[in-house]
Amino acid sequence: MKQVKCPHCHQWSSDPEICEHCGKAISREKRELEKSGGQKKISAPEPPGKLQQFFEYAQKSKNPFIKLLYFIVMSIWGIYVGLVVLILYIAVAASG
Ligand SMILES: [Zn+2]
């Protein structure tokens with residue numbers, strides 16, 4: 001049977017998932033260590049505070065001009081976010 005050395009108590013465990021001596025997870029700890037070293041997350045950028053304030057103001061506003069402006073800014077922001085995510089995706093795909 002394959003034995004694994006526990007990173008917590010440094011004893012040999014016959015269970016590769018959970019240490020039979022101290023009961024702590026062995027494999028999960030290893031996996032998380034590998035993850036944090038290599039992989040990068042792809043996430044959309046958050047709108048800056050002023051833009052968010054404008055969105056909230058424009059959503060409540062009854063002025064049709066403000067509403068039109070809101071939709072224009074929204075669509076520009078949507079295109080910007082889409083582009084950033086696309087660039088991030090290409091960068092991650094190219095590096096790995
Ligand atoms: Zn242990």
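Read the figures in this text as sums done on the coordinates, not as results from a lab. Nothing here was measured: the structure is a model prediction, and the numbers come from that model. All Cβ positions, even for glycine, are placed from backbone atoms using ideal geometry, and neighbour counts span all protein chains on display.
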task = In whole Å, largest first, what are the principal axis extents of the Cα atoms in segment 49-95?
result = 48, 18, 10
ask   = Under a 5 Å amide H to amide H cut-off, with H placed in plane at 1.01 Å, what residues pair with residue 13 once short-range neighbours are removed?
value = 4, 5, 6
query = Using the 10 angstrom Cβ neighbour count as an exposure proxy, how do 71, 55 rank, fewest first?
reply = 71, 55
inquiry  = Suppose each label sits 7 Å from its Cα in the direction of the beta carbon; what would the residue 27-residue 76 distance come out to in nanometres?
reply    = 5.2
